[in-house]
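Remarks on the structure that follows.
The values are calculated or read from the model by the stated rules, or taken from the named source; none is laboratory data. If you're wondering where the values come from, they're calculated on a predicted model, not measured in any experiment. Don't worry about glycine lacking a Cβ; one is built from the backbone with ideal geometry, like all the others, and counts go over all protein chains shown. Just so you know, the surface numbers come from the protein's heavy atoms only, side chains and all, with ligands and any DNA or RNA stripped out. Shrake-Rupley method; radii C 1.70, N 1.55, O 1.52, S 1.80 Å.
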Amino acid sequence: MTFRSHMDAALDEARAAATRGEVPVGAVLVAPSGQVIARAGNRTRALNDPTAHAEVLAIRAACAAVGADRLPDHDLYVTLEPCPMCAAAIGFARIRRLYYGAADPKSGGVAQGARVFSHPQCHHAPEIYDGIGAEASAALLRDFFAARR
């Protein structure tokens, strides 16, 4: 099977989030067939919900679509390194692979900070691939925050 990145779809979700005034982070969940089964952008402000990160929303939608609380053999693409909360949700959902774009030195929970998947309490760690679409993801975030300063 040939690798096909779905980061462009995650970037589309991040751009849509920015248009709504949300921090531009987007995520898509891909089934074993290669089909995108869920997509989301941040909606913390719109939903008045601090847990409404793109990853969590995409995981919720994918679980509803497949009728299960776990997503083994599914892959998640997200434009920014997941925070500790999202990394924990990824582990609990048993997602097979995590692909992310920009690193997040301030709030990341995968390669930075908490490094959730390296803890012995972590029940499942996905395969991790970073830097996919990193420049586009970082530019989107940089432009978003520059416009607000």
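Taking only the Cα atoms of segment 77-138, the ratio Rg/Rh comes out at 0.95, with Rh defined as the Kirkwood radius.
For the chain, the 222 nm mean residue ellipticity estimated from helices alone, with every DSSP H stretch of n ≥ 4 adding -39500 (n - 2.57) and the total spread over all residues, rounds to -11000 deg cm²/dmol.
As a fraction of the 1.4 Å probe accessible area of the chain, surface on carbon and sulfur atoms comes out at 53 percent.
Using the crude model of +1 on Lys and Arg Cβ and -1 on Asp and Glu Cβ, and no other charge, please compute the dipole size for the chain relative to its Cα centre, in debye to 20.
About 280 debye.
For the chain, the solvent-accessible area of protein heavy atoms averages 51 Å² per residue (probe radius 1.4 Å; ligands and nucleic acids excluded). For Arg96, neighbours were defined as the other residues whose beta-carbon sits under 14 Å from its Cβ, and their charges (Lys and Arg +1, Asp and Glu -1) total 0.
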